[in-house]
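Here is the structure we will look at.
The values are calculated or read from the model by the stated rules, or taken from the named source; none is laboratory data. This is a predicted model, so every value here is computed, not measured. Backbone-built Cβ (ideal geometry, glycine too); neighbour counts: all protein chains shown.
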Amino acid sequence: MCGITGYIGYRDAYPIIIKGLQRLEYRGYDSAGVVLYDGKNINLSKTKGKVSDLQEKASQEISIEGKIGFGHTRWATHGVPNHVNSHPHLSQSSNLVIVHNGIIENYDTLKQELVLRGYTFHSDTDTEVLINLIEEIKIQEKCKLGKAVQLALQQVVGAYAILVFDKEKPNELVIAKLGSPIAIGIGKENSEFFIASDATPFIEYTKNAIYLEDSEMAIVKIDREIRIHKINDDSLVEDLRIQELQLNLEQIEKGGYEHFMLKEIHEQPNAITDTYRGRLLANKGVIKMGGLDDNIERFLNAKRIIIVACGTSWHAGLVAEYLFEDIARIPVEVEYGSEFRYRNPIITENDVVIAISQSGETADTLAAVKLAKSKGAFVFGVCNVVGSSIAREVHAGAYTHAGPEIGVASTKAFTTQITILALMALKLGKIKGNIAAPVYQTYLQELIQIPDKVAQLLEEDAHIKKIASIYKDVPNFLYLGRGYNFPVALEGALKLKEISYIHAEGYPAAEMKHGPIALIDKNMPVVVIATRKGHYKKVVSNIQEIKSRHGQLIAIVTKGDIVVRDLADHIIEVPETLEAFTPLLTTIPLQLLSYHIAVMRECNVDQPRNLAKSVTVE
Ligand code: M6R
């Protein structure tokens, strides 16, 4: 779960690599490194810490000349985050150099064999083993770099995206992929090549990119050549599958906001509109979704829907459980990708599996997708990143079109996932005859009001910031919600803990009396989602239980509420909406509350400790 980026062409490589690494820091920021070839020497610099630390170090310790080079930003898997474990890694002769994203599972066995052949290792990484294996094969087989990489990878068990350079073949870079993503940006008439874990590092240079498939490797050369072939045999990939990228630079910059997270919170009105644009034709009473329409029978005949996801996407899956069961009357099970993949689940050909993932790269969700496919289920993806591994693996799907989400804490991904899933539930509910035409029409008309209502809520920012300032130093928080808003309580707690490091737990409100109520005293802030729909009266009783124990109550209520106003210490009002859509509103103040608390605690909001945006390891 690291970021890699490289360049080969006619420009200075260093600034391209550094800027690229900064854009990839969401993939990990334990350490960073860069390597350049200046026509004579390999110059390498690396350090524990962020790309900004690397920049300072590199400019002092190496020549930053060169038209070929690559870099790495690391999320530590094998070996603690320190200088020696940082990438790039040199081979024993120092002629070969590599960066790697992924895990070599059999690295220990390979390492022992190499030790017997006289290799010594300086780091604890699996990557140093791989580069020495490539070197050993190159020597033994007397072959070129490309062949040595191919033969080495045939011995490797695990996942990788790698970039390799050989001083003896200084006009080319070798790239290979299995399980971890890698894209190649192609300059005009092959005059230059950009390589990166995603397309953001090269978006201002080219819109043409190839996403390598699993078990493929590419050789890109300074003399305008690109060749892709399979790793397991020598067959050439004839069709280079060059895609035109839809991304633009503005989308991946902060645009005047202090943090990406804040920008992304504020993007939600537009993001939700982009999600239903062209799909929701409210006035005509029509929902059009290619992936669903083309496979509608699979959904209508499904005995049940199994949703697989992780983290925030799993919370969106829980909201979908309410939506599908309530509106479409299809039984739903929601599973963590990581549990599902290992517990020998019962999956049949009559099941529809929906995989939800912002990045489309989450290893556990991807593995769950592969497992479900192997058992004959129909697998549908709800992803944000176009062309991502999950998006390519599923039978059909729908993109959320939320635009790049760079802050590690997921915000607009959640609301746009719920939007897509609501559209699906409504379409299925209508076809199955579970909702009457006027009710269906009310849903559609209300859904198109949601972006405006989210925008109104964002204007509550100053009020929420004030509440944040009161609670910024507490050690614990409790979040409670019922029905559609139970997953929002979980999501609110996750947001707070991941960016502010305050311990927070989410619970279904009624479960409080089965244990968590013991935690409540005058020092415990409790956030309760108490919108007027659904189980309002029951939640009000829960609120009374909290107040009798002197808990500090922050209530998310529907505009105009007077009952909870009298009980709560603070209220945040959300516009009225249909119960099924309340999560699209109630989640917004919780995102802002976490954001402000984290900023006030001087936490790194966009890059919280120990985390990374895409979790591409299990
Ligand atoms: O890219 P995905 O949606 O598959 O990511 C899943 C989780 O890793 C992600 O939602 C994570 O929990 C976020 N940090 C939550 O804010």
First in region 408-424 and closer than 18 Å to Pro589 by Cα, second anywhere and assigned to a loop (DSSP other than H, G, I, E, B) and away from the ligand (no atom under 13 Å from the Cβ), Cβ under 6 Å, 6 or more apart: Lys412/Glu267
Filter result (surrounded by fewer than 24 Cβ atoms within 10 Å (Cβ to Cβ) and farther than 19 Å from Asn295 by Cα) within region 371-388: Leu371, Val386, Gly387, Ser388
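Would you kindly identify the strands (runs of 3 or more DSSP E) lying entirely within region 1-63 that contain at least 1 residues that are assigned by TED's automatic domain parsing to the domain that holds Asn85, touching a Gly at 6+ places or on another chain (Cβ under 6 Å) and of a type in the set (Lys, Arg)?
Fully inside region 1-63 and qualifying: 42-48.
Taking strands (runs of 3 or more DSSP E) that do not extend beyond region 125-207, which have at least 2 residues that are at pLDDT below 95 and surrounded by 24 or more Cβ atoms within 10 Å (Cβ to Cβ)? If you could, list the steps in order and put the result at the bottom.
On the way: elements: 158-166, 172-178, 183-186, 193-196.
Where strands (runs of 3 or more DSSP E) fall fully within region 125-207, none carries at least 2 residues being at pLDDT below 95 and surrounded by 24 or more Cβ atoms within 10 Å (Cβ to Cβ).
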Filter result for Ala355 (near the ligand (Cβ under 9 Å from one of its atoms), modelled with pLDDT of 95 or more and under 18 Å from Arg298 (Cα atoms)): yes
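Within region 59-77, which residues are of a type outside the set (Val, Ile, Thr) and free of Cβ contacts under 8 Å to residues at least 40 places away in the same chain? Give the derivation first.
Taking region 59-77 first, the residues of a type outside the set (Val, Ile, Thr) are 59-61, 63, 65-67, 69-72, 74-76.
Within region 59-77, Ser59, Gln60, Glu61, Ser63 qualify.
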Selected residue (only one of Ile272, Ile287 is away from the ligand (no atom under 16 Å from the Cβ), buried (at least 22 other Cβ atoms within 10 Å of the Cβ) and over 21 Å from the mean Cα position of the chain (by Cα)): Ile287
Single match in Thr120, Thr77 (criterion: over 24 Å from Ile42 (Cα atoms) and among the hydroxyl-bearing types (Ser, Thr, Tyr)): Thr77
Helices (runs of 4 or more DSSP H) completely within region 497-616 that count 1 or more residues being under 24 Å from the mean Cα position of the chain (by Cα) and either at pLDDT 90 or above or more than 16 Å from the ligand (Cβ to nearest atom) (or both): 582-600
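Just one of Leu490, Leu478, Leu447, Leu494 is modelled with pLDDT of 95 or more and in contact with an Asp or Glu (Cβ under 7 Å, 6 or more places away or on another chain); which is it?
Leu478
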Residues being touching a Leu at 6+ places or on another chain (Cβ under 9 Å) and within 16 Å of the ligand (Cβ to nearest atom) - total across region 327-352: 4
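Any residue in region 243-258 that is in a loop (DSSP other than H, G, I, E, B), modelled with pLDDT of 95 or more and surrounded by 14 or more Cβ atoms within 10 Å (Cβ to Cβ)?
no
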Qualifying residues in region 358-393 (those that are away from the ligand (no atom under 13 Å from the Cβ) and β-branched (Val, Ile, Thr)) - the one farthest from Ile182 (Cα to Cα): Val379
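Run down Ser197, Ser191, Ser180 and say which single residue is in contact (Cβ under 8 Å) with a residue 40 or more places away in the chain and within 21 Å of Lys111 (Cβ to Cβ). Break it down into steps so the answer makes sense when it comes.
Details: Ser197 fails: within 21 Å of Lys111 (Cβ to Cβ); Ser191 fails: within 21 Å of Lys111 (Cβ to Cβ).
That would be Ser180, the only listed residue that is in contact (Cβ under 8 Å) with a residue 40 or more places away in the chain and within 21 Å of Lys111 (Cβ to Cβ).
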Selection count where residues are surrounded by 16 or more Cβ atoms within 10 Å (Cβ to Cβ) and outside any loop (DSSP other than H, G, I, E, B), scope region 81-109: 12
